[in-house]
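What follows is a set of notes on a single structure, which appears directly below.
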Amino acid sequence: MRIGIMAGATGGDNGIADLVARAQDVEARGFDALWMANIFSFDAIMSLAIAGFAVPRIELGTAVVPSYPRHPVAIAQQALTAQAASAGRFTLGIGLSHKVVIEDMFGYSYAAPARHMREYLEVLTPLLRGEAAHFTGEQYRVNANLQVPGAKPVTLLLAALGEQMLKLAGRYCDGTILWMTGPATIEKHIAPKLRKAAEVAGRPQPRIVAGLPIALTSDPAGAREFIARNLAMYGTLPSYRAMLDLEGAAGPADIALVGDEAALDAGLERLRSAGVSDFDAAIVPVDKDAEPRTLDYLQSRLG
């Protein structure tokens, strides 16, 4: 199982400079990837394109960019540019986001999200392969081609939790990228449905990138209390709530990896056995030393 580090949405107090320094540290430690969220701060695709000049080895991926605000031709152009900037190490993770963002904040209809994503992928996927896109649907009518020098085909991951989205991820994408989804749910729901869809489509074995909170600590009860308090919002969003319910978890604290080395080892092994190909470690600052301590622990588990 590959291990990557979540950089959040800003990289640190000093912005892009901190993000670049973070990428350099993650690479120097031997990690496989740096993942960046795209919320209401830096544009993750542009930020990782900048970081791509500073680090020569690791994968740089978005976790995730919402589809609705960006036309699929525009996001393809961004992604291919980031791919060229990083010499072929950029991975595009996209997702639907949530009704509270897309409809209530941005003003788009969130009435048929699976249909939106199917049309979006029909346009996006050929462009990411360096091919022309010709598509006519209800939301998109596109005839477009892009020529980005130095851009190789871009790996595409879809944030897929429900059955319809898993079918789309298996059919069109290279895998899924998850957040707030526990190992039992991955093993019994995510992995089999995703793999079946990929098999039916004649595609290779899909990646499963699982993002979860993690902290090495001698006070797991206090850490879970911190996570329950600071990440409570994720337990209220319908898509994550459904995954937590499948897991039998009351909230994010119940699926976080917290505790001593033995506890974290067991958590990582459970993810591996559930079918996770990549762990996206979202290190939670449960105390002032949590980040360096957890980074050192994860580094010791590489390879």
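For the stretch 97-130, filtered to residues that are in contact (Cβ under 8 Å) with a residue 12 or more places away in the chain, under 19 Å from TYR172 (Cα atoms) and surrounded by fewer than 18 Cβ atoms within 10 Å (Cβ to Cβ), the residue that is farthest from the chain's Cα centre (by Cα) is GLY130. Within the stretch 212-228, is there a residue that is out of contact with any strand residue (DSSP E or B) (no Cβ under 6 Å at 6 or more places or on another chain), surrounded by fewer than 19 Cβ atoms within 10 Å (Cβ to Cβ) and under 30 Å from GLU103 (Cβ atoms)? Yes, the stretch 212-228 has at least one match. Within 30 Å of ALA84 (Cα to Cα) and under 14 Å from the mean Cα position of the chain (by Cα), is that true of LEU158? Criteria met by LEU158. The set of residues in the stretch 145-172 being among the charged types (D, E, K, R) and in a helix (DSSP H, G or I) consists of GLU163, LYS167, ARG171. Screening ALA232, ALA274, ALA262, ALA253 for residues that are touching a helix residue (DSSP H, G or I) at 6+ places or on another chain (Cβ under 8 Å) and more than 16 Å from ALA210 (Cα to Cα) leaves exactly one candidate, ALA232. Looking only at the stretch 121-143, filter to residues that are of a type in the set (A, V, I, L, M) and assigned to a strand (DSSP E or B); which one of those is nearest to GLY93 (Cα to Cα)? Among those that are of a type in the set (A, V, I, L, M) and assigned to a strand (DSSP E or B), it is ALA133. Listed here are the helices (runs of 4 or more DSSP H) enclosed by the stretch 207-299 that have at least 2 residues being of a type in the set (Lys, Arg) and in contact (Cβ under 8 Å) with a residue 40 or more places away in the chain: 261-274. Residue count for the stretch 231-258 under the criterion of being in contact with a strand residue (DSSP E or B) (Cβ under 9 Å, 6 or more places away or on another chain) and farther than 20 Å from PRO113 by Cβ: the result is 7. Of all the numbered requirements in (1) buried (at least 20 other Cβ atoms within 10 Å of the Cβ); (2) closer than 19 Å to ALA169 by Cβ, ILE45 misses one, and that requirement is (2). Taking the criterion of being closer than 24 Å to ASP278 by Cα, surrounded by 15 or more Cβ atoms within 10 Å (Cβ to Cβ) and modelled with pLDDT under 95, the residues of the stretch 1-17 that qualify are ALA7, GLY8, ALA9, THR10, GLY11.
Checking PRO66 against (1) out of contact with any Cys (no Cβ under 8 Å at 6 or more places or on another chain); (2) farther than 25 Å from PRO238 by Cβ, only one condition comes out false. Which one? With (1) out of contact with any Cys (no Cβ under 8 Å at 6 or more places or on another chain); (2) farther than 25 Å from PRO238 by Cβ applied to PRO66, the lone miss is (2). Report whether or not TYR240 is over 19 Å from the mean Cα position of the chain (by Cα), among the aromatic types (Phe, Trp, Tyr) and surrounded by 14 or more Cβ atoms within 10 Å (Cβ to Cβ). In short, no.
Being touching a residue at least 40 places away in the same chain (Cβ under 8 Å), of a type outside the set (Ser, Thr, Tyr) and closer than 13 Å to LEU127 by Cα: is that true of ALA79 here? Judged against the criteria, ALA79 is a match. If you go through the stretch 173-203 and pick out every residue that is touching a residue at least 12 places away in the same chain (Cβ under 8 Å), assigned to a loop (DSSP other than H, G, I, E, B) and over 16 Å from the mean Cα position of the chain (by Cα), you end up with 2.
Among the residues of the stretch 243-268, those identified as closer than 16 Å to ARG293 by Cα and exposed (fewer than 15 other Cβ atoms within 10 Å of the Cβ) are ASP260, GLU261, ALA262, ALA263, ASP265. Scanning the stretch 186-197 for residues that are surrounded by fewer than 24 Cβ atoms within 10 Å (Cβ to Cβ) and closer than 16 Å to VAL276 by Cβ yields a total of 7.
The values are calculated or read from the model by the stated rules, or taken from the named source; none is laboratory data. These figures come from a predicted structure and were not determined experimentally. Quick reminder, even Gly has a Cβ in these numbers, built from the backbone with ideal geometry, and neighbours come from all protein chains shown.
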